[in-house]
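Reading through the structure tokens given below for one structure.
The values are calculated or read from the model by the stated rules, or taken from the named source; none is laboratory data. This one's a predicted model, so the numbers in the text were calculated from it and none came from an experiment. Reconstructed Cβ throughout: ideal geometry from the backbone, glycine too, with neighbour counts over all protein chains shown. Accessible surface areas use protein heavy atoms only, side chains included; no ligands, DNA or RNA. Shrake-Rupley method; radii C 1.70, N 1.55, O 1.52, S 1.80 Å.
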Amino acid sequence: MTHWFHRNPLKATAPVTFNYYGVATTPAATKICNDLRLSRTRLLELFTDLSCNPDMMKNATDSYFSLLKGFIASLDESSQDSKLRYIQNFKWTDTLQGHVPSAQQDAVFELVSMGFNVALWYTKYASRLAGKEDITEDEAKDVHRSMKIAAGIFKHLKESHIPKLITPVEKGRDLEARLIDSYVIQCQAEAQEVTIARAIELKHNPGLIAALAYETANFYQRADQMLSSLDPVYALKWRKYLQLKSCFYMAYAYCYHGQTLLASDKCGEAIRSLQEAEKFYAKAEALCKEYGETKGPGTTAKPSSHLFFRKLGTLVKNTLDKCQRENGFIYFQKIPPEAPQLELKANYGLVEPIAFEFPPLHALWTPEALAAFDLTKRPKDDSAKPKSEEEVKPVKEPDIKPQKDTGCQIS
């Protein structure tokens, strides 16, 4: 498959000990705190562990979130908050705005921030698999499914949990609606890239491939438009990626639409469609260069030298040459001055997010265990709060280069 996807860095977080001396008054309450600390540490470790797979990630997320839920919701699953919701301060950085953390004394902030990182992990896992040259059919299915899971998590956070935050989301931060929407649409578009690759490999109808490519290009365009009002310092590199992918798949759409026209003996229109494919491919090539030269968060790469990109250039050239030869020998049709309007609708292969729900409350959360947390015993200086000068160290990721690195690497 050898696809290439841009990835923003993971969010980083300050350590949380969950040590509530005096507040947790029984062994059962203390065990919950210990298990929270261990399961949180384990989950954070898995984000950068290259041997981690979706099963390992699901087990780790279920373990942590089922425990954390006791800090958020009442045990009877009513709309009432847990009495522990505001006991702990959590600090998280931002995928775009670097090492400047946000802090909220709210377990819901922890839930949505950690959930956001889980979704990012699924996109990074998919990206690593999709970049392999010898990818198997099962691995391609894993890529496709992981993208849909990530989209489902982002969507669930936006619709069900981010609105519950007491502190409003800061503009331009990860949890803002336009950023979440961009991530959802990007996941859908990248999953459809897998569908398109499969359709091409199995030599499906060129009309279906053209329609899928057109829908995918429009997805990328929508994701880019949602980021248009963000500060270019943070968002420009990401936007260049979305723009180049939009142009790339428009080139695919016009290329395969040209094949459909040729099969219908409309050789002149086919040539014009292929000429339009050449234009979009050239635009994508220029944007690849701009992407490589743009500083900002995310992967550093030379996408124009990547196999998936070069193959399309060859396909467009060869198809156009064939159409021109056929027209010179058989059809002798005039080439229209205007490119054909693409009014393509894919009836198959469109991607929808997989619905996501957080796991149910952990069995350790009994009424007795919750009652054993005595908030009147909290220290007055509130040692649960991190000190203001406490730094949040960036996550060391195997497939993300530091922002200051201007070298090129295919991730």
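Would you check which residues across the stretch 105-146 are of a type in the set (Val, Ile, Thr) and either open to solvent by less than 30 Å² (accessible area, probe 1.4 Å) or within 29 Å of Leu36 (Cβ to Cβ) (or both) and list them?
Within the stretch 105-146, Val108, Val112, Val118, Thr123, Val143 qualify.
Residue check: is Asp76 more than 20 Å from Pro394 (Cβ to Cβ) and part of a loop (DSSP other than H, G, I, E, B)?
Yes; evaluated as a whole, the condition is true for this residue.
From the list Tyr21, Tyr64, exactly one residue is of a type in the set (Phe, Trp, Tyr) and either assigned to a strand (DSSP E or B) or crowded, with 19+ Cβ neighbours inside 10 Å (or both). Which is it?
Matching residue, one of Tyr21, Tyr64: Tyr64.
For residues in the stretch 244-297 being crowded, with 22+ Cβ neighbours inside 10 Å and among the hydroxyl-bearing types (Ser, Thr, Tyr), which is nearest to Pro9 (Cα to Cα)?
So the residue we want is Tyr291.
Test of understanding: among Tyr234, Tyr220, which residue is in a helix (DSSP H, G or I), at pLDDT below 95 and of a type in the set (Ser, Thr, Tyr)?
Tyr234
So is Tyr241 over 23 Å from Met57 (Cα atoms), in contact with a Lys or Arg (Cβ under 6 Å, 6 or more places away or on another chain) and buried (at least 23 other Cβ atoms within 10 Å of the Cβ) or not?
no
All but one of (1) crowded, with 24+ Cβ neighbours inside 10 Å; (2) in contact with a Gly (Cβ under 7 Å, 6 or more places away or on another chain) hold for Leu230; state the number of the condition that does not hold.
In the conditions (1) crowded, with 24+ Cβ neighbours inside 10 Å; (2) in contact with a Gly (Cβ under 7 Å, 6 or more places away or on another chain), Leu230 misses (1) alone.
Among the residues of the stretch 147-176, which ones are part of a loop (DSSP other than H, G, I, E, B), open to solvent by 40 Å² or more (accessible area, probe 1.4 Å) and not acidic (Asp, Glu)?
Residues satisfying the conditions are Ile166, Thr167, Pro168, Val169, Lys171.
Could you look through the stretch 88-112, keep only residues that are assigned to a loop (DSSP other than H, G, I, E, B) and farther than 16 Å from Gly172 by Cβ, and pick out the one that is farthest from the chain's Cα centre (by Cα)?
Among those residues, the one meeting the criterion is Gln88.
Quick one: how many residues across the stretch 177-213 are within 17 Å of the chain's Cα centre (by Cα) and surrounded by fewer than 18 Cβ atoms within 10 Å (Cβ to Cβ)?
3
Please indicate, with yes or no, whether at least one residue in the stretch 86-104 is crowded, with 16+ Cβ neighbours inside 10 Å and more than 23 Å from Glu45 (Cα to Cα).
yes
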